[in-house]
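Worksheet: one structure, shown below.
All of the numbers you see were taken from the coordinates with simple rules; none came from a lab. The shown structure was predicted, so the numbers you read here are calculated from the model rather than taken from an experiment. All Cβ positions, even for glycine, are placed from backbone atoms using ideal geometry, and neighbour counts span all protein chains on display.
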């Protein structure tokens, strides 16, 4: 009897932070989950041959190249994983779809709404599957939070407060990078996209926004020591109204001194509330007004085997999952969708939806008015 699985051959474009994260995610998913395919890391592309070759040796690829089109044209590959700068996402993704390959693209899907729309249209012209990298949504604590909300334990949801804040741009002397280019998208696209995705994952569609985007550090030095004006947002905030009737706010901030990964939310209802911080990503806090008055307070729900698929990684509660495990969960579900076992978890249409929210918030900020999404 033959128990071998068919191969899913993978090419990765980019070997930086997110490139490595994708590689680790594929490697972990291949060993932790009972997937319908054997995941094979075949080829990696990067900015030049030296970087690409070094990445191939360190990360376990068979081939490397300085030209991402070589991956597109490689008939051995079934899936293209895109971790290149945002401005390249559209051209790479559409080329890969035209070449009859599945596409896994890091967020944001693309810098502009027109580009994401082109990507959605390209995905609809093929039977290949797409995935946008929003791996925080794969946290077992998020699905637990969603179960608590759906069960009615919080009552009618009245309020959401969310923030994604980091400090990697907080030093005014830090240099101008591609993230400061308009095609980089600014902080709302870079970080705010995560908290917007979380808000809609937990509470459903946002119908109206009132945004305020600001550039705090007006100029930065380039690599050749020239001063360049900044045209994108450093901090964006927004009041939001959900289709359900709940309201709330979000903040995206890359000047948040001391914050390394503050992807936090609080949700309040008529019977209870929940709160979460990504810096303690294995914990969810739940308050119920049904508890006796003398013991009321936020209780800690600690991730364990009962919070699927934590059990795939560890049989003991409280031993913690991490960032790379969340990426592995995301990848496992994408691979299952490729085999038509489940719908695409977060496809190009979903990524386009997030870009539509980002675009509407920016327009709202310029017009200083509430806008319907």
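General remarks:
- The ranking of 224, 171 by Cβ neighbour count inside 10 Å, starting from the fewest, reads 224, 171.
- All C-alpha to C-alpha distances of region 17-89, sorted into 10 Å bins beginning at zero, yield P(r) values of 18, 53, 25, 3 percent in whole numbers.
- Spatially, region 249-277 and region 347-373 are offset by 20 Å when compared through their Cα centroids.
- Alpha-carbon centroid distance for the pair region 150-225 / region 12-91, whole angstrom: 27 Å
- Taking 73, 86, 40 in turn, the Gaussian network model of the chain (Cα-Cα springs below 10 Å) assigns the largest fluctuation to 73.
- Residue 311-residue 159 FRET efficiency (beta carbon distance; Förster radius 30 Å; 0.05 resolution): 0.35
- Shape call, region 81-182: gyration tensor on alpha carbons, a/c limit 1.5: oblate
- Taking other Cβ atoms within 10 Å as a rough exposure proxy, 260, 293 sort from fewest to most as 293, 260.
- Global geometry of the chain, whether rounded, prolate or oblate, following the gyration tensor of its Cα atoms and the 1.5 cut on a/c: oblate
- Ranked by the mean number of other Cβ atoms within 10 Å of their residues, highest first, the peptides 183-193, 6-16, 206-216 come out as 183-193, 6-16, 206-216.
- The calculated 222 nm mean residue ellipticity attributable to helices in the chain amounts to -9500 deg cm²/dmol, summing -39500 (n - 2.57) over DSSP H runs of n ≥ 4 and dividing by all residues.
- Ascending count of other beta-carbon atoms within 10 Å, so fewest first, for 177, 198: 177, 198
- Once the Cβ-Cβ distance of residue 88 and residue 227 is raised to the sixth power relative to R0 = 25 Å, the FRET efficiency obtained is 0.40.
- Efficiency of FRET between residue 47 and residue 271 - r from beta-carbon atoms, R0 51 angstrom, step 0.05: 0.45
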